[in-house]
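The values are calculated or read from the model by the stated rules, or taken from the named source; none is laboratory data. Here the structure is a predicted model, which is why all the values come from computation and not from measurement. With ideal geometry, Cβ positions are generated from the backbone for all residues, glycine too; neighbour counts draw on all protein chains shown. Just the protein is used for accessible areas: all its heavy atoms, side chains included, with ligands, DNA and RNA removed. Shrake-Rupley method; radii C 1.70, N 1.55, O 1.52, S 1.80 Å.
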Amino acid sequence: MVNQSSSSSSFFSTLQSRSQSINSLLCVGLDPHRDELPEGSWEAGEEKRCEAAFEFCRRIVDATAPHTVAYKPNAAFFEALGHSHGNTTLRRVIDYIHKLSPDATGGDSIPILLDVKRGDIGSTAQAYADACYEESEGLGVEGVTLSPLMGWDSVQPFVTGKYANKGAFILCKTSNPGSNDLLALPLYQQRTLFEKIANLANEWSAKAQSESPSSDDDTVEPPRLGLVVGATDPDALSKARKAAGSSIWLLAPGVGAQGGDLDAACKAGLNDEGTGMLIPVSRGISRASDPGAEAKKLKEGINEARKSVLEKRGEKRKADGVSSSIAPYQKEFLEFSLKENVLRFGSFVLKSGRTSPYFFNAGLFSSGSALHKLGKAYAASIMASDQL
């Protein structure tokens, strides 16, 4: 079996590319809970309930693949299926997703985020990482969820060394009411524990990059860590986004069954480009009579919310006197740079360790025509300067 998602591209690069190509921020959860399986299948024995769980997931995957940025299977529901076949069933689902054809996925391979919420140190953390990532002996996924409360050394094995191209979402401010017991505790300068964790996503991503740098001097990559921030608390979402900056991806559970408001969540959590946020939905899709139609409806609803947020932000900038207009020569140059892949938007950790929302690689202007356009734009810029 060949894992289509395994490549030199990092998890978050793949996530960004997938999101842009299908114009979606939807993440589909795969949670084969006992109540979700056909009546009688659980009592029929481990093998039959595992088969029922696989078919449950396969049905959802087949229906939703064109609309989802990533799949998020929850390991606990598979482990609960039974000690003999539970994890084997999870691996079957992962393999099935990796084998989907471009026609089924809409062109791109679909990354898998394993919801395991691991949190330990030393050899135990390394063993957990191996169990999640290894192709032959492990589960072969691209990303995981982690608890950061034991510090950097509990996260390090998941995003450095041989797993430098993997990614993790660390728990920041979760969607359950009890998260306030710890994560909302005040620290200093009127900041909370979850805001400190949001800061650490950038700090630890830079540390991971410095410990396991890219082999290509000209390459950059997005941060290797994202944040789990519940959509049920828009105020926390807003504060986490402010603390983390625009380059960090947020996983925002809680829309739908848990009562999170989609419009409020998007307003609080989207970055400046209207991206950088995954909205996972499980039961809202699995319990629908037509999971594919529901996934499409959710994707379109998220996009409507994104559009509204960006329009309102644009109106506010206009009211504040901030101009977004550019000269024709600037527009032409930017469009050409995007076409040539010289200019890329996303989340990039530079060699200095600084995180940037864009990357401009002028070295890719290598042909005569490209250099001509570069020179033409430079000349137009000089002529337009008020310093002449």
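Details
- Excluding same-chain neighbours fewer than eight residues apart, the lysines reachable from LYS376 by a Cα-Cα span under 19 Å are LYS331, LYS339.
- Distance from segment 111-143 to segment 69-89 (C-alpha centre basis), Å: 13 Å
- Here r is the Cβ-Cβ distance between LYS316 and ASP261 and R0 is 22 Å; the resulting FRET efficiency, rounded to 0.05, is 0.60.
- Taking every alpha-carbon pair under 8 Å whose residues sit at least 6 apart, segment 1-100 reaches a relative contact order of 39 percent.
- A simple charge model with +1 on the Cβ of Lys and Arg, -1 on the Cβ of Asp and Glu and nothing else charged puts the dipole of segment 119-198 at about 420 debye relative to its Cα centre.
- For the chain, size of Cβ-based charge dipole, Lys and Arg +1, Asp and Glu -1, in debye: 1080 debye
- When the residues LEU146, LEU185 are ordered by accessible surface, computed with a 1.4 Å probe over the protein chains alone, the sequence from largest down reads LEU185, LEU146.
- Percent RCO, i.e. relative contact order, over segment 37-190, from Cα pairs under 8 Å lying at least 6 residues apart: 17 percent
- Computed from phi, the 3J(HN,Hα) profile of segment 121-138 under the Karplus parametrisation 6.51, -1.76, 1.60 (θ = phi - 60°) reads 10, x, 5, 5, 4, 5, 5, 4, 4, 4, 5, 7, 9, 4, 6, 8, 9, x Hz, with x in place of Gly and Pro.
- GNM flexibility winner over the chain from GLY45, GLY230, GLY106 (Cα, springs under 10 Å): GLY45
- For the pair ILE121 and LEU100, label points projected 7 Å from Cα toward Cβ lie 3.9 nm apart.
- Taking all Cα pairs closer than 8 Å and separated by 6 or more residues, the relative contact order of the chain comes to 16 percent.
- Residue among LEU149, ALA264, ALA168 farthest towards the positive dipole end of the chain, charges placed on Cβ: ALA264
- Along the chain, longest interval not containing exposed trypsin sites (Lys or Arg not before Pro), exposed being DSSP loop plus at most 16 other Cβ atoms within 10 Å: 1-98
- Option label - Cα Rg over 2.2 N^0.38 Å computed here, alternatives [x] 1.13; [y] 1.89; [z] 1.04: [z]
- On full extension, the segment bounded by ARG34 and GLU300 gains 92.8 nm, given 0.36 nm per residue less the C-alpha separation.
- Potential extension, TYR358-HIS372 segment - 0.36 nm per residue separation minus Cα distance: 2.7 nm
- DSSP beta bridges confined to the chain are antiparallel in about 20 percent of cases.
- Angle between the chain longest axis and helix 86-98 axis [Cα atoms, degrees, rounded to 10]: 40 degrees
- Helix 11-22 vs. the chain, principal-axis angle (Cα, 0 to 90°, nearest 10): 80 degrees
- For THR192, the residues 5 or more places off, or on other chains, whose built amide H falls under 5 Å of its own are LEU187.
- FRET efficiency for the ARG283 to TYR329 pair, using the beta carbon distance and R₀ = 35 Å, is estimated at 0.10.
- With at most 10 neighbouring Cβ atoms within 10 Å, loop GluC sites (Glu not before Pro) (DSSP) excluded, longest segment of the chain: 138-388
- Cα centroid separation - segment 39-67 against segment 233-248, whole Å: 36 Å
- Annotation: THR232 carries an accessible surface of approximately 50 Å², with a 1.4 Å probe and no ligand, DNA or RNA atoms counted.
- When the Cα gyration tensor is reduced to axis lengths a ≥ b ≥ c, the ratio a/c is 1.5 or higher for segment 154-298, and with a/b not above b/c it is classed as oblate.
- Listed pairs LYS99/LYS307; LYS72/LYS296; LYS72/LYS312; LYS239/LYS296; LYS72/LYS173; LYS207/LYS239 exceeding 27 Å between Cα atoms: LYS99/LYS307; LYS72/LYS312; LYS239/LYS296
- Residues whose amide H comes within less than 5 Å of that of GLY29, counting only those at least five positions distant or on another chain, are LYS72, VAL281, SER282 (H built at 1.01 Å from N in the peptide plane).
- The listed residues HIS83, HIS67, HIS33, once ranked by accessible area (1.4 Å probe) with the largest placed first, stand as HIS83, HIS33, HIS67.
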